[in-house]
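Scroll down for the structure; my scribbles are underneath it.
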Amino acid sequence: MDIDHNNHRESDIRIDLLLIANMIPEGARVLDVGCGDGELLDYLRKEKKVDARGIELSPEGVKESVAKGLSVIQGNAEEEIKHFPDDSFDYVILSQTLQAMDRPDKILEELLRVGKRAVVSFPNFGYWRVRLHLMLKGKMPVTKSLDRPWYRTPNIHFCTIRDFVDLCGELNIKIEKGMAVDSSGSKMSIKYMMLANLFGTQGLYVLARN
Amino acid sequence: MDTEKQQIQVDEGFAEVVTLGENDPLLLSSGEFLSPFKVAYKSWGVLNKDKSNAILVCHALTGDQYARGKNPLTGKEGWWPKVIGPGLPIDTNKFFVICTNVLGSCSGSSGPMEINPATNKPYGLDFPVITIADMVSAQVRLIDHFGIDKLYSVIGGSMGGMQVLHWAVDHGERVKTAIPIASTWRHSAQNIAFHEVGRQAIMADPNWQSGRYYEKETRPHAGLSVARMAAHITYMSERSLMSKFGRNLQDREKLTFGFDADFQVESYLRYQGISFVDRFDANSYLYITRATDYYDISARFGGSLTKAFEGTAVRFCIISFTSDWLYTTQENRELVRALNAAGAQVSFVEIDMDKGHDSFLLDCPEMFNIIEGFLAADSEGT
């Protein structure tokens, strides 16, 4: 069963790019945590003239980022972010990486320590097709983009949009902007949480300190 | 310059020894002055009109200026033939590449083996103790001599990387990018300890003669050879020693119950030691190991590595190797974190290679790609 989580890099990164780029002002200092091959940073640097930095775990990703002229360090995001001083950045981006973190709650706090704002996008496990898959098959969904079985996936902490909003509340994090993205890539308001959590394939949030 | 001459410079390079500081003595870290002093270098490629395409390559402890092409002293191929050259990561079609023999060494630059102009005899231990910062000061003078205002990049492995970091910290306004490879930000107690073993081996050799062996028939070859053997172990990983030699015996079927080189690894180390003494001066070994032991880039900044790099405009690309236990990934991470804390532009890659510290001198396509990508991306004016 093919469930579209909208984090399929080839086809869906454009949505992430555009939506995230729209949230970041010209010339901002930006850190992309888990920046992959640097595509988003490269885009932001060219389109928004940002001061771009990245952290990436895979040596291949770092190599490709370096070849784009980006400043990217190889390392574990949860460890490396600790070594940045407070307020080092205007925006810290965590794009489709939250679910791979050892402690998603701690990383959110770290994002907002080193950055004034955080932009976080994540696949929504409350999406109706995921729910249906689990209900009908009784098995964890495996998709094109999330193509590994539950015991081998780096995505160890899935959440729904509602879970994410609850966590932000618990951590006293201010949600400045929030939206869900449906399978066609259109923005959906989260005014009606039940609908957003059912039809959104991913959540996209701008967070700030309270 | 005609195109034929240009092509020769791109392919084969140009070697020279220049005398500097005749009217302007070089102030050393020790407070002493050196004047005049010689810098032996080799260059490849052609310096462009606005002198903006120069890359300085810094050699390691016992390296020399012959990074590419035949070394006239040893007859052997240079030490970085796959990195420097036309179409290679440091592209001599594009860049003017300079490699200098460091101060204190023995391939033509001023050092203990060279003639002291004050006495007309070899310096020996009268040569002042130098530091990595002093090596770099001498390189700065050479760059001045070329009329180069700002280097496009400074790059080097091991002790070469230490020079790279001194360039960035002491002369940051004259460097655009810096690539320290398999290096460190200060010598650790363990690093100093290994070097001390080497120095003691040299000084315990009766032929050393308190450094005044140049006028004698014999040289402290036994001591220097042992120093090299001890150091060479630190350049390799346990795994590479084991996979290369294991417990294999050397040209024999069984143990001899004596102290001959029964094992291949012994024979290999002895060979490393013996072949080294033909190309390196024992006193130079003392001076250069001392320079690396004195090396601590944070020392001038109250021990704060972050302060050392505060406000730097240099772009860094730092490379370490998983199996390097001499200058570890951990130490490189400390450097990277300090650079990040200082707000510097820094990239960092740890290359998975099991050959130990010397990986940077070996065939490592991953390293080649990163150097090439970093230099190329920057030259596009990003």
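The values are calculated or read from the model by the stated rules, or taken from the named source; none is laboratory data. Just so it is clear, the structure is predicted and the values come from calculations on it, not from any experiment. Using ideal geometry, Cβ is built from the backbone for each residue, glycine included, and neighbour counts are taken over all protein chains shown.
Details
- For region A:190-205, the condition of being in contact with a Gly (Cβ under 6 Å, 6 or more places away or on another chain), touching a residue at least 60 places away in the same chain (Cβ under 8 Å) and at negative phi holds for at least one residue.
- Some residue of region B:76-96 being over 27 Å from B:GLU366 (Cα atoms) and part of a loop (DSSP other than H, G, I, E, B): no
- The lone exception for B:GLN200 - which of (1) farther than 16 Å from B:PHE280 by Cβ; (2) buried (at least 19 other Cβ atoms within 10 Å of the Cβ); (3) outside the structural domain of B:ALA308 (by TED's automatic domain parsing) it fails: (2)
- When A:VAL114, A:VAL120, A:VAL72, A:VAL142 are checked against the criterion of being modelled with pLDDT of 95 or more, β-branched (Val, Ile, Thr) and surrounded by fewer than 23 Cβ atoms within 10 Å (Cβ to Cβ), A:VAL114 stands alone in meeting it.
- Residue satisfying condition, being farther than 18 Å from B:HIS171 by Cα and in contact with an Asp or Glu (Cβ under 6 Å, 6 or more places away or on another chain), within set B:THR328, B:THR322: B:THR322
- Filter pass, B:CYS106 being within 20 Å of B:GLN163 (Cα to Cα), crowded, with 19+ Cβ neighbours inside 10 Å, free of Cβ contacts under 8 Å to residues at least 60 places away in the same chain and within 19 Å of the chain's Cα centre (by Cα): no
- The set of residues in region B:63-102 being surrounded by fewer than 20 Cβ atoms within 10 Å (Cβ to Cβ), among the polar types (S, T, N, Q) and touching a helix residue (DSSP H, G or I) at 6+ places or on another chain (Cβ under 8 Å) consists of B:ASN93 alone.
- Every condition in (1) assigned to a strand (DSSP E or B); (2) of a type outside the set (Lys, Arg); (3) over 20 Å from B:VAL175 (Cβ atoms) holds for B:TYR41 except the one numbered (3).
- Only listed residue being touching a residue at least 24 places away in the same chain (Cβ under 8 Å), under 19 Å from the mean Cα position of the chain (by Cα) and crowded, with 22+ Cβ neighbours inside 10 Å, chosen from A:ALA77, A:ALA52: A:ALA77
- Within region B:332-366, the set of residues being within 14 Å of chain A (Cβ to nearest Cβ), acidic (Asp, Glu) and crowded, with 18+ Cβ neighbours inside 10 Å comprises B:GLU350 only.
- Candidates in region B:367-379 are the residues that are within 7 Å of chain A (Cβ to nearest Cβ) and crowded, with 23+ Cβ neighbours inside 10 Å; of these, the one that is nearest to A:PRO85 (Cα to Cα) is B:PHE374.
- Listed by position, the strands (runs of 3 or more DSSP E) inside region A:49-145 whose residues that are more than 10 Å from chain B (Cβ to nearest Cβ) number at least 2 are A:89-95, A:115-123.
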